[in-house]
4 protein chains.
Amino acid sequence: MSGSTIGVLFKVTTWGESHGRAIGAVVEGCPPGIELSEGEIQKDLERRRPGRMTSASARREGDLVEILSGTFEGKTMGTPISLIIYNRDADSGAYESLKDIFRPGQGDFTYFKKYGIRDYRGGGRASGRETAARVAAGAVARKVLLREGIEVMAYTKALGGIAVSPSFSTAGIIFLKDMDENGLVCPDPDACKKMESRLEEARRNGDSLGGIVEIIVRGCPPGLGEPVFDKIDADLAGALMSIGTVKGVEIGAGFAVAGMTGSQANDPMTLEGFLSNNAGGILAGITNGDEIVIRVACKPISSIEKVQQTIDVHGKPVELSVKGRHDVSVIPRIIPVCEAMVSIVLTDHLLRQKAITG
Amino acid sequence: MSGSTIGVLFKVTTWGESHGRAIGAVVEGCPPGIELSEGEIQKDLERRRPGRMTSASARREGDLVEILSGTFEGKTMGTPISLIIYNRDADSGAYESLKDIFRPGQGDFTYFKKYGIRDYRGGGRASGRETAARVAAGAVARKVLLREGIEVMAYTKALGGIAVSPSFSTAGIIFLKDMDENGLVCPDPDACKKMESRLEEARRNGDSLGGIVEIIVRGCPPGLGEPVFDKIDADLAGALMSIGTVKGVEIGAGFAVAGMTGSQANDPMTLEGFLSNNAGGILAGITNGDEIVIRVACKPISSIEKVQQTIDVHGKPVELSVKGRHDVSVIPRIIPVCEAMVSIVLTDHLLRQKAITG
Amino acid sequence: MSGSTIGVLFKVTTWGESHGRAIGAVVEGCPPGIELSEGEIQKDLERRRPGRMTSASARREGDLVEILSGTFEGKTMGTPISLIIYNRDADSGAYESLKDIFRPGQGDFTYFKKYGIRDYRGGGRASGRETAARVAAGAVARKVLLREGIEVMAYTKALGGIAVSPSFSTAGIIFLKDMDENGLVCPDPDACKKMESRLEEARRNGDSLGGIVEIIVRGCPPGLGEPVFDKIDADLAGALMSIGTVKGVEIGAGFAVAGMTGSQANDPMTLEGFLSNNAGGILAGITNGDEIVIRVACKPISSIEKVQQTIDVHGKPVELSVKGRHDVSVIPRIIPVCEAMVSIVLTDHLLRQKAITG
Amino acid sequence: MSGSTIGVLFKVTTWGESHGRAIGAVVEGCPPGIELSEGEIQKDLERRRPGRMTSASARREGDLVEILSGTFEGKTMGTPISLIIYNRDADSGAYESLKDIFRPGQGDFTYFKKYGIRDYRGGGRASGRETAARVAAGAVARKVLLREGIEVMAYTKALGGIAVSPSFSTAGIIFLKDMDENGLVCPDPDACKKMESRLEEARRNGDSLGGIVEIIVRGCPPGLGEPVFDKIDADLAGALMSIGTVKGVEIGAGFAVAGMTGSQANDPMTLEGFLSNNAGGILAGITNGDEIVIRVACKPISSIEKVQQTIDVHGKPVELSVKGRHDVSVIPRIIPVCEAMVSIVLTDHLLRQKAITG
């Protein structure tokens, strides 16, 4: 039990069910004296908003975050920051017919097996909605990181089998701000166009699409990360894999290292820095000052209109077609969630390192 | 700081440097009444022994584990189990010439940046040797799991670019015990032969090879894993990524989900169970009763004889050729380490679930 | 940082400042299937309400708790329970004149030294108001304990130097429900009368009074508590000392053991149980099945009208007389807070023990 | 389970049974670059040695500590420091007759109820011997504190009902080094003499004595301690109460505050500092820069020769007289243990505060 908290010094606890009264996060350990407003947090939440892509399907009303504690006269005080987002526009009635059914690819079956009781409305605690609380907490972390010149950004690396051209994937040439104008947060306009038509096709088929998000961290100093279990890559992998949609995480060259030789994989060092970045900015679990590069594989959204085979709580076979307001892909909405998780982990390790150098 | 402990109820703390007096682990939270002998732990340690493959390079003397506490008359007592392995046959002199050099791909540079001081002999705390303590602790976890009928096993999925044929990779047909006779712990004899010649080639070139290990868990009941940050896949990913050599982790279909549609990725449910296992045995972060399937990407060993470009602690460029006793690949030695990390995480979650159902 | 969470499996995080928007608690790890209503929590909150004693001084409006998550159709689900109490009737203007002054006996000076910033209104995070969140969380714990037949209750042992007669203090004869009718939660009517006149006198003098609360736990099974640092008495002492007003904690015979011999202090065992209870129900940090008996010393409320000598933030001496709505003693309001902390600790250990026996 | 670890950043895990192969501690999170030798740790261990007082009863051979990891060329590296003390001179045979008996005042009964299995020899894990590992770990903490000018010292405040004269108890005039020459670590020569004859008398009676230890911390900066559960007094109380012998903890004026008025209890502030120290150096759970003053009540040693009534594991009444090598009082041996626990907690909070100010 008690799995809703992450972090050692910078600790985030999220709470809330998709169709309960509200969701929220408590952020403990934020350093004092940092300017923080609801507007800044809201900005990240907007990037995660349902229906951000041209789609008729999502909840219409934006999530409005409130800061309930931890700030005074616009600045953090070092005390817990409580963030709340009330659930509005929640149409629970739509889930009445699903209450006894284990939807494939969802937590319905496992929550039932674990707890013997669950809020079936919209996935309850297992809903993607919970990630809004992560994004809100991540926005606080982002402020701490920015004070030290550390930037966390993510973009769409692949969607529905369409990958960004390798020439665009070089971290060094990405201009995230421009990409944000672009609905898919994708730096390659050609790929982007193909992704959009693939999305359209999947929507017509009542199906959904998976994809890959790459997260890049710039300006991170060397020295963050703890041997041996709390390596920074271990904590990042754990934090990203805790996003329901993520089925794989890789750092730097990632799975490609499996086919490399040591002389290919090792990044040569010079006085000007590393000549390559297969390490993804992390050596022996500690940041080396280079860009941190992480990729996550996102599975297609499980709720699809296409008919699926499953069973219900009484052990009867069921043919299921999930109707209602569903995105075709978690991308691009998952992007700020990935950034949030990376920001939370980095902030925690930044503070932990201060305990050594402070 | 303080990153050498993993787990909430079943907690493992490792300690020790490669060329210090000893390495070890303290296992807290092991349930009482479990039979445990040094011989059982030793068995897993043998599988991780350097020079297990036909190679002249490794430390000759096996690691001998001692149980210093936590058992009485051959049974665990519920109190911390202290395991120690003294460092024998450590040839520290060989590292004297490396003491000021940052070896590429190693923790030399980052430890220096983090702590300002480090034991340069054999990688110190960042040495792969630390994983022996994990294997010893994992052997204790394995005993707890076996009592509940849960088996954890891993095998070589790919090495040096040679992959096991997909027909062999079906978890259902693997007989681990047979594979153990096989030096590479690889179920595909043809692939195995090619891997061996690839290893030989790399050795001749003074180079090293990466690979992929697949870990499979059988007999795991549904219900293990905690929403939302301590999902079982999150904890597994973090634990496996904490192995120095690992650069990627994927669950079930893993990165392949990125190219799937929802109707392909979702595992249909029937009264007889799931019709496929893209989920890798985990739904919404909780085990679903199916086999847990995880793959990790292992980078090539960083210490190679081939000349590499780097710098030293004084900021001077250096050409480095690492001589000495080095394996060509972490595979197969890393296999019991992967099993250990998975066993430790599962045991922790097994106990956490008992707090709910108990 | 990050000190607002307590517990390992049953975890409580509180947040909120006295004059911020709200205060609250997140309760993680509550077992599923327990009936829980706002009314039940409210009942404990009423017992902690300011102005519960005949006094004109307190906030008039009661604290209203809302359950924002973690329950479904009136039952807990195993997911985090978020509890919120909005701050109403907060008269912040009254604190304007105190904003630069370090009030003696309060956290004004130490928060300023620690964080460099603080919400001076009503003590901010250091306010006794924070304990309302503890009481709310404790009410959840109480439900878990009651399911196992464990009852936690506390009463006034001493107030303003007036002690309950030893004949009344025997745990076995206390009828808490009767006492609750009594404003001071004191089983000795004679002592009670004297306490009341002592309170009246202190109020007239613009002064305040300290006292002693005894907490008793009935029905606790043997076996709760973990060697060696998480002994149940260690966790209870830490939890109770975390109440701002508490300056001392003792278990069983407590400080009196210092003057005893071993033959006096040891509780003889018989087949019918222990012949005495100097141990206070705890042996070697583990419950022995007997009543748990704990006493805490509460200091007088620091905010008094009587003139006190202090300094301000600019380093100037100040004569301070604190006016406004202040109780004369934390007793009896602190009683449900003590019960809450004990309930939270016991619930955590109850779940931890289930992981062993489950 | 898992209760053998204390601390958040500076973490100590102890392990070992009284008559197992060894006992030890792993110290995680010690900052790098601190000189540390076995000799320094040994010095504190000597102060805890059995038979330090004129008594024929104790194990003759001193405990020899070895540093197995975490230091390099005499300095800490930031990695876990593993400390081991082998058990020598352990006469297990003496315990054979006790193996089925629940000794009054000991953990025999509760360990049996908790785990169903226990090492009966010398109390096993519940033995006071475990505190040697705490003292060793505390010696590391002491080094961290001394670097910042923080000194932790303790002395005998009362023994067998004889209290140090109040004129000697003023923290300001104590010279601990002188006291160390004195077997009882007691600053009052008259009281000391009476304590010694009281000890002699108890020994003759086959009985034992309790007492009070006062711990004083000098040079502690303001700002250490975390609201609201990890208050420094909460953590200190928990840490001290985790010593098996301790039944009460009080800070500053402690239980005496219960009889005070607010105008008596509050410490007036001036530009030169606080005019009194009823707070014991802690306000709202955070150090205020004044001396930290804590007292603990120690119960008489439970193992006495005097005949006691108890039962055995088969449910039969037994008359028990414990013979063998037992001290008459835990004082003065418990003094370095108290210092160790306070040092460990302060070091943890010192590092946590660096994360804010660093």
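The values are calculated or read from the model by the stated rules, or taken from the named source; none is laboratory data. Keep in mind that this is a model prediction, so the values were computed, not measured. Neighbour counts are summed over all protein chains in view; Cβ atoms, including those assigned to glycine, are modelled from backbone coordinates with ideal geometry. Remember, those area values only see protein heavy atoms, side chains included, never the ligands or the DNA or RNA. Shrake-Rupley method; radii C 1.70, N 1.55, O 1.52, S 1.80 Å.
Quick notes on this structure:
- The range D:269-316 and the range C:199-260: distance between their alpha carbon centers, rounded to Å: 12 Å
- For the axis carrying chain A to chain B: nearest C-beta residue of A, whole Å: A:238, 1
- Taken per residue, the accessible surface of the range A:5-357 reaches 31 Å², heavy atoms only and a 1.4 Å probe.
- Qualifying lysines (Cα of each under 24 Å from Cα of residue D:43; at least 8 residues distant if same chain): D:11, D:75, D:143, D:157, D:177
- Amide H within-cut-off set for residue C:286, under 5 Å, with H built and near neighbours excluded: C:232
- In a simple Cβ point-charge model (Lys, Arg +1; Asp, Glu -1; nothing else charged), the protein assembly as shown has a dipole of about 0 debye relative to its Cα centre.
- The other copies place their residue C:189 label points at 5.8, 9.1, 9.5 nm from this one, listed shortest first, where each point is 7 Å from Cα along Cα→Cβ.
- Between copies, the label points of residue B:317, set 7 Å from Cα on the Cα→Cβ line, lie 7.0, 7.1, 9.1 nm apart, reported in increasing order to one decimal in nanometres.
- Cα-based helix-to-principal-axis angle, A:189-204 vs chain A, degrees rounded to 10: 20 degrees
- Residue by residue along A:204-213, Cβ atoms of other protein chains within 10 Å of the local Cβ number 4 on average.
- Portion, in percent, of the accessible area of the range A:5-357 that falls on carbon or sulfur, probe 1.4 Å: 50 percent
- Per-residue SASA entry for residue D:199, accessible area with 1.4 Å probe, Å² rounded to 10: 10 Å²
- Note on the range B:5-357: dipole from Cβ charges, positive end direction compared against B:328, B:94, B:340; the farthest Cα belongs to B:94.
- Inter-chain Cβ neighbour count for B:79-88, averaged per residue, equals 6 (cutoff 10 Å, partner chain atoms only).
- Computed helical MRE - 222 nm, chain A, DSSP H runs ≥ 4 contributing -39500 (n - 2.57), nearest 500: -8500 deg cm²/dmol
- Environment charge at residue C:357 (Cβ cut-off 10 Å; Lys +1, Arg +1, Asp -1, Glu -1): +3
- Restricting the range A:269-327 to trypsin sites (Lys or Arg not before Pro) in coil, as DSSP defines it, with at most 15 other Cβ within 10 Å: A:323
- Average other protein chain Cβ within 10 Å of Cβ, residues A:125-134: 3
- Trypsin sites (Lys or Arg not before Pro) restricted to the range B:72-150 and DSSP loop, no more than 14 other C-beta within 10 Å: B:88, B:99
- Largest to smallest accessible area among D:290, B:63 [probe 1.4 Å]: D:290, B:63
- Rounded to the nearest 10 degrees, the angle from helix D:130-147 to the longest Cα principal axis of chain D is 20 degrees.
- Summing both sides, the accessible surface hidden between B and A at a 1.4 Å probe radius is close to 7500 Å².
- Summed residue charge, Cβ within 13 Å of residue A:252's Cβ, Lys/Arg positive, Asp/Glu negative: -3
- In the complete set of protein chains, residue-level accessible area for residue D:130 is approximately 10 Å², probe 1.4 angstrom.
- Nearest-first distances (nm) between copies at residue C:86, label 7 Å from Cα via Cβ: 0.8, 7.0, 7.0
- Accessible area (Å², 1.4 Å probe, nearest 10) - residue B:85: 0 Å²
- Between helix A:232-241 and chain A: long-axis angle, C-alpha atoms, 0 to 90°, nearest 10: 10 degrees
- Candidates A:12, A:313, A:26: whichever shows maximal mean-square fluctuation once chain A is modelled as a Gaussian network with Cα springs under 10 Å: A:313
- Counting only Cβ charges, +1 for Lys and Arg and -1 for Asp and Glu, the dipole size of the range D:5-357 around its Cα centre is about 900 debye.
- Summed residue charge, Cβ within 13 Å of residue B:261's Cβ, Lys/Arg positive, Asp/Glu negative: +2
- Dipole of chain B, positive direction: furthest Cα of B:351, B:282, B:197, with charges on the beta-carbon: B:197
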